[in-house]
Amino acid sequence: MKILRYILIGVLTLFGLLTLFLSTSVIFNLFGIRAMEGDFVMFVVVANFISSVLYLLSVYGLVMFQKWSVYLLGISSVILIIAFIGLKLHINAGGLYEFKTVNAMIFRSSLTVLFTVLAYITLNNKYSNKNLN
């Protein structure tokens, strides 16, 4: 389980940093990324930004064996699912969007739920092993 925790920490760090870079670039129109994104939906970008911060905070929690990191990832999952529902309502109302946003939200939401489950498994395994020693 130790290797799973290290892999999770590494992937979550990279994913969090990439998400932070991309979301802040769109929000603040850095590096011309906003023009490349086309018809982006701002509340989805903000949800991704919030999630990126929660990812990076949860990495710290995972490194320190803190169970609260699972809650942060769970909160991120809920935020992304709510944003996805909002995106669906936005689309149904005739709002502009890029189809890649739908695919990205499916991927990001699913991956965040997976991160949450893996964090729960790795931390609970650590605590159950501690109780056996």
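None of the figures in this text is laboratory data; all of them are computed from the coordinates on show. Bear in mind that the values here come from a model prediction, so they are computed numbers and not experimental data. In this analysis, Cβ positions are derived from the backbone assuming ideal geometry, glycine residues included, and neighbour counts consider all displayed protein chains.
Listed values, structure above:
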| read-out | value |
| --- | --- |
| Any hit, the range 21-36, residues being more than 22 Å from Tyr120 (Cα to Cα), touching a Lys or Arg at 6+ places or on another chain (Cβ under 8 Å) and assigned to a helix (DSSP H, G or I) | yes |
| Residues located in the range 70-120, provided they are outside any helix (DSSP H, G or I) and touching a residue at least 12 places away in the same chain (Cβ under 8 Å) | Gly95, Leu96, Tyr97, Glu98 |
| Residue selected from the range 17-51 under the condition over 10 Å from the mean Cα position of the chain (by Cα) and among the aromatic types (Phe, Trp, Tyr), by the criterion surrounded by the most Cβ atoms within 10 Å (Cβ to Cβ) | Phe40 |
| Residue that is touching a residue at least 60 places away in the same chain (Cβ under 8 Å) and either part of a helix (DSSP H, G or I) or surrounded by 15 or more Cβ atoms within 10 Å (Cβ to Cβ) (or both), where the choices are Leu12, Leu54 | Leu12 |
| Subset of the range 96-126 (residues that are surrounded by fewer than 17 Cβ atoms within 10 Å (Cβ to Cβ) and among the basic types (Lys, Arg)) | Lys100, Lys126 |
